[in-house]
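Enquirer: So that we are looking at the same thing, I have put the structure below in structure tokens.
The values are calculated or read from the model by the stated rules, or taken from the named source; none is laboratory data. Because the structure is a prediction, the values reported are computed rather than measured. Using ideal geometry, Cβ is built from the backbone for each residue, glycine included, and neighbour counts are taken over all protein chains shown.
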Amino acid sequence: MKTRWYKDAVVYQIYPRSFFDANGDGIGDLPGILEKADYLKTLGVDAVWLSPCYKSPNDDNGYDISDYRDIMDEFGTMADFDKMLDAFHSRGIRVLMDLVVNHTSDEHAWFKESRKSRDNPYRDYYIWRDGTGPDKKRPPNGWRACFGGSAWEYDETTGQFYLHLFSKKQPDLNWDNQKVRQEVADICNFWLQKGVDGFRCDVITYISKPADLYHANQRDVVVGPNWKTYMRELSERSLGRYDTLIVGEAAGIDFPRACEITKEGEDLLDMLFHFEHVEVGTVCAKNQKSTDLRKWKGILARWQALPETSWGAVYYENHDRPRSLPRFAPAGPLRVPAAKSLAASLLFQKGTAFLYQGEELGMTNCVFRRADYRDIQSRNLLRDVRRYAGPLGAYIAERHLRRYARDHARTPMQWDDTANAGFTTGTPWMKVNENYREINARQELDDPDSVFRFYKDALAVRRRYIDLVRDGTFSLVDAANREVFAFVRTLGEKRLLVVCSLSPKPAGCAVPADLCKGKATLLLQNTEMPAAPRETLRLAPCACAVWYIEAE
Ligand code: NOJ
């Protein structure tokens, strides 16, 4: 069934709430996405991934689903979804949904039933346990929830605890129950029959829980005991029956495990998102990147070395991380060349490339005040430190959020320089980044030197050289260099040399002599670069270039 079209693809992630608001209620919606389909066609992406747009009470902006077969009220109707799907397909763009099935909302009908009584037919859809301690009021184990506090919530009605690895409004499903697994397969089939082209599977590596939860280590939740069986079954019943792209979010995964669970023919995942490169280093508040480049390159290079039988996903940004500027490259006056340099370094790596909305404009982190944060993780942190750690704790938490809050990536898309960046005619659901007058799509579409135009060109070059980008080997060039990320992709006699300075200062790069001998064509550059690479390349701050080299 699988044609593996995804190996050539660049996928663009849309966070619907912040993409484009077509009805003026301050919240992005599906008709808004449809209006921007031509923009994405112009950019040249092959697929979009929509963060959840199902019915949800929005405790975690849609990652808490109350009905998997309906659309969130603020986003529109199923008819809007169908129209949007057609609009993308008619432009040759595929559509991936976000599959959030580690947990549901506590407002899902299954959970409402489940919590009613211990013998309810839906009781076993979730993970209920007796408490510990003399009065059985202590949680079954010491696991922590991702958004703060214990991962167990006591429910008075039935006198037991339920497990929630995220907020207490996101109870974990019990995948050991075969009815749950069939429900998930049916949900997938519902969307696949509509014509969606695959799924990004939210925290999918957590679905199988260790048998003895009273004594289990929380680490054992990553690729739990029955994970492979459950995924294979899902593939048989649904995912593997269609020509899909299945990408798993895989927090905590290590490299050997990743190779194992993305192995072609195993019917588990086509590729996964690991977190290693986005967890390294710190974000510097002062527009100076502070990630240790050697360490960062080392991680990326290691993940480029997946065996032939596995496939990878490459990305720098998503809705859960601050923007890559100024994390991996300097922002401020160097924002434009830095964003381009990052683009080149991403798009020519091996693997399916994922872009996040606004990355193609070089959007940056935002300056927030305490009241501006909207994300549950940020708000819970501020609430908890105020409660337990006093003013000093609150100060430290705010400093942390200024750098790491998920809110940074979720500010509304900057479409133009009119009010609210042209995102809405109403009151935006969250703060618009004040730099929208300078950074916005309308300006960038018109400017031949913009970040957007660079992405568009880079995507076109990537498509032209797709054999090399897809199948070429990867090796770092000048691996010890602390300022420059450079690598070569090789397929037989053909090579792509990608040199990207991520430094605010002039830098040099040592290029091996054999790469300077062939017949070179300069394919991309963000500043004046020589027509052919030289053994000692001098690079302006954040300069980048991509050469095609054919052996003579
Ligand atoms: C990962 C998602 O990317 C994140 O946004 C969400 O909060 C958690 N999973 C829980 O679903």
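Enquirer: Would you pick out the residues in the range 514-533 that are exposed (fewer than 12 other Cβ atoms within 10 Å of the Cβ), among the charged types (D, E, K, R) and either modelled with pLDDT under 95 or not in a strand (DSSP E or B) (or both)?
Expert: Result: 514, 528.
Enquirer: All but one of (1) of a type in the set (A, V, I, L, M); (2) more than 16 Å from the ligand (Cβ to nearest atom); (3) surrounded by fewer than 22 Cβ atoms within 10 Å (Cβ to Cβ); (4) farther than 30 Å from residue 495 by Cβ hold for residue 430; state the number of the condition that does not hold.
Expert: Tallying (1) of a type in the set (A, V, I, L, M); (2) more than 16 Å from the ligand (Cβ to nearest atom); (3) surrounded by fewer than 22 Cβ atoms within 10 Å (Cβ to Cβ); (4) farther than 30 Å from residue 495 by Cβ, residue 430 fails exactly one: (2).
Enquirer: Quick test for you: out of 380, 420, pick the one residue that is part of a helix (DSSP H, G or I) and away from the ligand (no atom under 16 Å from the Cβ).
Expert: Result: 420 is the single residue among 380, 420 that is part of a helix (DSSP H, G or I) and away from the ligand (no atom under 16 Å from the Cβ).
Enquirer: Give the residues of the range 383-404 that are touching a residue at least 60 places away in the same chain (Cβ under 8 Å) and within 16 Å of the ligand (Cβ to nearest atom), sorted by residue number.
Expert: Scanning the range 383-404 gives a single hit, 404.
Enquirer: Cβ contacts < 7 Å: first residue on the phi > 0 side of the Ramachandran plot, restricted to the range 62-75; second residue more than 14 Å from the ligand (Cβ to nearest atom) and modelled with pLDDT of 95 or more, any location; separation 6+ or different chain. Result?
Expert: Every condition considered, the pairs that remain are 62/72.
Enquirer: Considering 203, 180, which residue is in contact with a strand residue (DSSP E or B) (Cβ under 8 Å, 6 or more places away or on another chain) and free of Cβ contacts under 8 Å to residues at least 60 places away in the same chain? First the steps, then the outcome.
Expert: Working: 203 fails: free of Cβ contacts under 8 Å to residues at least 60 places away in the same chain.
So the residue among 203, 180 that is in contact with a strand residue (DSSP E or B) (Cβ under 8 Å, 6 or more places away or on another chain) and free of Cβ contacts under 8 Å to residues at least 60 places away in the same chain is 180.
Enquirer: A further question on this structure: Since residue 346 meets every condition but one in (1) within 16 Å of the ligand (Cβ to nearest atom); (2) in contact with a Phe, Trp or Tyr (Cβ under 6 Å, 6 or more places away or on another chain); (3) not basic (Lys, Arg), which condition does it not meet?
Expert: If we test residue 346 against (1) within 16 Å of the ligand (Cβ to nearest atom); (2) in contact with a Phe, Trp or Tyr (Cβ under 6 Å, 6 or more places away or on another chain); (3) not basic (Lys, Arg), just (1) comes out false.
Enquirer: Then there is this: Kindly list, by first and then second residue, each pair from a residue in the range 308-324 that is closer than 23 Å to residue 52 by Cβ to a residue that is among the basic types (Lys, Arg) and not in a loop (DSSP other than H, G, I, E, B), limited to pairs with Cβ atoms under 8 Å and residues at least 6 apart or on different chains.
Expert: As it stands, the answer is 319/410; 322/403, since those pairs meet every condition given.
Residues are listed down the side, and each one gets a yes or a no for (1) under 25 Å from the mean Cα position of the chain (by Cα); (2) closer than 30 Å to residue 35 by Cα; (3) crowded, with 16+ Cβ neighbours inside 10 Å:
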residue: 386; (1), (2), (3): no, no, no
residue: 393; (1), (2), (3): no, no, yes
residue: 398; (1), (2), (3): yes, no, yes
residue: 419; (1), (2), (3): no, yes, no
residue: 423; (1), (2), (3): yes, yes, yes
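Enquirer: Hey, residue 19 hits all of (1) surrounded by 22 or more Cβ atoms within 10 Å (Cβ to Cβ); (2) within 18 Å of the chain's Cα centre (by Cα); (3) within 23 Å of residue 192 (Cα to Cα) but one; which does it fall short on?
Expert: Single failed check for residue 19: (3).
Enquirer: Sticking with this one: Taking residue 135 and the conditions (1) of a type in the set (D, E, K, R); (2) surrounded by fewer than 16 Cβ atoms within 10 Å (Cβ to Cβ); (3) over 22 Å from residue 214 (Cα atoms), which numbered condition does it fall short on, given that it satisfies the others?
Expert: Checking residue 135 against (1) of a type in the set (D, E, K, R); (2) surrounded by fewer than 16 Cβ atoms within 10 Å (Cβ to Cβ); (3) over 22 Å from residue 214 (Cα atoms), the one that fails is (3).
Enquirer: Do you know which residues across the range 215-240 are within 16 Å of the ligand (Cβ to nearest atom) and outside any loop (DSSP other than H, G, I, E, B)?
Expert: 218, 221
Enquirer: Could you please give the count of residues in the range 99-116 that are in contact with a Leu (Cβ under 7 Å, 6 or more places away or on another chain) and surrounded by fewer than 21 Cβ atoms within 10 Å (Cβ to Cβ)? I'd like the intermediate steps shown before the answer.
Expert: Filtering the range 99-116 for residues in contact with a Leu (Cβ under 7 Å, 6 or more places away or on another chain) gives 101-104.
Then drop every residue that is not surrounded by fewer than 21 Cβ atoms within 10 Å (Cβ to Cβ), which leaves none.
Adding up the residues that qualify gives 0.
Enquirer: If you go through the range 169-179, how many residues are crowded, with 21+ Cβ neighbours inside 10 Å and either among the aliphatic types (A, V, I, L, M) or over 15 Å from residue 209 (Cβ atoms) (or both)?
Expert: 2
Enquirer: Could you tell me whether any residue of the range 117-131 is surrounded by fewer than 21 Cβ atoms within 10 Å (Cβ to Cβ), at pLDDT 95 or above and within 16 Å of the ligand (Cβ to nearest atom)?
Expert: No, there is no match, as no residue in the range 117-131 is surrounded by fewer than 21 Cβ atoms within 10 Å (Cβ to Cβ), at pLDDT 95 or above and within 16 Å of the ligand (Cβ to nearest atom).
Enquirer: Give, as residue ranges, the strands (runs of 3 or more DSSP E) completely inside the range 1-98 that count at least 3 residues that are of a type in the set (D, E, K, R).
Expert: 67-71
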